[in-house]
Amino acid sequence: GEQVEQLPSILRVQEGSSASINCTYENSASNYFPWYKQEPGENPKLIIDIRSNMERKQTQGLIVLLDKKAKRFSLHITDTQPGDSAMYFCAARASSGSWQLIFGSGTQLTVMP
Amino acid sequence: NSKVIQTPRYLVKGQGQKAKMRCIPEKGHPVVFWYQQNKNNEFKFLINFQNQEVLQQIDMTEKRFSAECPSNSPCSLEIQSSEAGDSALYLCASSQQQDTQYFGPGTRLLVL
């Protein structure tokens, strides 16, 4: 089946620095790529998404890049704060005609004060 | 940011028992998804609906689960005979379009 690979699985950064998470997908027909943040005991919350008609999207300290040729997308958190510490999941919409999301395995981000 | 309602938040069942959870999608969202997130944080798509119709479901759901989204009532997902491996967080998401999905708080199921 379709898979989304996510790296790294664990990421520790110093407060104020940037953090980057990378994902790759298999199906070139995938056209929607959301990112979710999940804190312990909570549900995943959508933080940013990008569609295949864009290469870059930015909102409130978050940047998402999409390279369709390489089938790769990434999340960059600028000026990290302790409150950014959480699990982050990338996802890709399954191949055309199916609306389910295929999730990456997650990145545990810790921002150290 | 999500207005999806899920009940109950926690559910404890014995093996072989039925386990039923409910979801009220965000108003105006015709598409509903159910996912299972296990203790390793892995997501598994279970089933989705558009209005009352099943769009897609996996084999496990077809064989062991009962799910519906009746009009003017909450959507529901019911495990017919719970197994220890069903212990997980069950997440309902709703969508207005075909892509953006907002998750509810989830139902955490523990099968003893």
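Odds and ends about this structure:
- Scope the stretch A:44-103; condition within 14 Å of chain B (Cβ to nearest Cβ), surrounded by 14 or more Cβ atoms within 10 Å (Cβ to Cβ) and part of a loop (DSSP other than H, G, I, E, B); matching residues: A:PRO44, A:SER52, A:ALA94, A:SER95, A:SER98, A:TRP99, A:GLN100
- Within the stretch A:47-59, residues that are over 12 Å from A:PHE73 (Cα atoms) and touching a residue at least 12 places away in the same chain (Cβ under 8 Å) reach no partner that is part of a loop (DSSP other than H, G, I, E, B) and hydrophobic (A, V, I, L, M, F, W, C) with beta carbons closer than 8 Å at six or more positions or on different chains.
- Criterion applied to B:SER94, B:SER81, B:SER2, B:SER73 was being buried (at least 17 other Cβ atoms within 10 Å of the Cβ), in a loop (DSSP other than H, G, I, E, B) and not β-branched (Val, Ile, Thr), and the one residue passing it is B:SER2.
- Within the stretch B:98-112, the only residue that satisfies the criterion of being more than 9 Å from chain A (Cβ to nearest Cβ) and part of a loop (DSSP other than H, G, I, E, B) is B:LEU112.
- Test result for B:PHE33, within 15 Å of B:THR107 (Cβ to Cβ) and out of contact with any Phe, Trp or Tyr (no Cβ under 6 Å at 6 or more places or on another chain): yes
- Taking the criterion of being part of a loop (DSSP other than H, G, I, E, B) and closer than 28 Å to B:GLU83 by Cα, the residues of the stretch B:14-32 that qualify are B:GLY14, B:GLN15, B:GLY16, B:GLN17, B:LYS18, B:PRO25.
- Checklist (1) away from chain A (no Cβ under 12 Å); (2) at pLDDT 95 or above applied to B:ASN72, failing item: (2)
The values are calculated or read from the model by the stated rules, or taken from the named source; none is laboratory data. Fair warning: this is a prediction, and the values are worked out from it, not measured in the lab. Cβ sites come from the backbone with ideal geometry, for glycine too, and all protein chains shown count toward neighbours.
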